[in-house]
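Presented below is the structure to which this report refers.
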Amino acid sequence: MTAAFSFKLLYDGDCPFCVREMRWLQGRDRAGRLAFEDITAPGFDAARYGTTQQALMGVMHGVFPDGRLVRRLEAFRAAYSAVGLGWLLAPTGWPLLRWPCNAAYALFARHRVRIGRLFGRECPDGACGIERPRPDG
């Protein structure tokens, strides 16, 4: 049995920027190639992916159907490629740009919730979670 998705993003449902990005990607995922899992949801078990909750909270992670886990901008590149927008993030993987892009992302990831609050983005009572749209609706 093969997975119905080509890539799954493990996102922080308490992060306003993360949730906004997941919703944006979800809206572009017409073929249903992405899956999303909120790592802050009750019952989420990071060990299922061979990692820890702390590691997942530090930076974006994604998983391929074969179980291969990727992190940081590599996860975003895979997600964008799955929805046909890989060209947008391709430069972040180029040799001369990879290091500065990864460094900028690491800084952003460390302060993402705080930065979101500066822009008035809050996620009270878990309201940031996303749901997969129903096929009939």
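Within the range 94-114, residues that are touching a residue at least 60 places away in the same chain (Cβ under 8 Å) reach partners that are not in a helix (DSSP H, G or I) with beta carbons closer than 7 Å, at six or more positions or on different chains, in the pairs R112/C15; V113/D14; V113/C15.
Answer yes or no as to whether A90 is modelled with pLDDT of 80 or more, within 14 Å of the chain's Cα centre (by Cα) and over 22 Å from C15 (Cα atoms). Here the answer is no, as A90 does not meet what is asked. Note on the range 12-34: residues that are in contact (Cβ under 8 Å) with a residue 60 or more places away in the chain and either outside any helix (DSSP H, G or I) or touching a Lys or Arg at 6+ places or on another chain (Cβ under 6 Å) (or both) amount to 6. With respect to D136, determine if the residue is over 18 Å from W24 (Cα atoms), charged (D, E, K, R), modelled with pLDDT under 90 and outside any helix (DSSP H, G or I). Yes. Residues considered: F64, F17, F44. Of these, the only one that is over 26 Å from P100 (Cα atoms) and among the hydrophobic types (A, V, I, L, M, F, W, C) is F44.
One line per residue, one yes/no per condition, for (1) at positive phi; (2) polar (S, T, N, Q); (3) in contact with a strand residue (DSSP E or B) (Cβ under 7 Å, 6 or more places away or on another chain):
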| position | (1), (2), (3) |
| --- | --- |
| T40 | no, yes, no |
| D45 | no, no, no |
| V59 | no, no, yes |
| Y80 | no, no, no |
| L88 | no, no, no |
| T92 | no, yes, no |
| W99 | no, no, no |
| A104 | no, no, no |
| R114 | no, no, no |
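Whenever a residue of the range 55-78 is surrounded by fewer than 18 Cβ atoms within 10 Å (Cβ to Cβ), its partners that are modelled with pLDDT of 90 or more and assigned to a helix (DSSP H, G or I), lying with C-beta atoms within less than 7 angstrom and at least six residues away or across chains, give the pairs L69/Y49; V70/A78.
The values are calculated or read from the model by the stated rules, or taken from the named source; none is laboratory data. Bear in mind the structure is a predicted one, so any value in this text is a computation, not a measurement. Don't worry about glycine lacking a Cβ; one is built from the backbone with ideal geometry, like all the others, and counts go over all protein chains shown.
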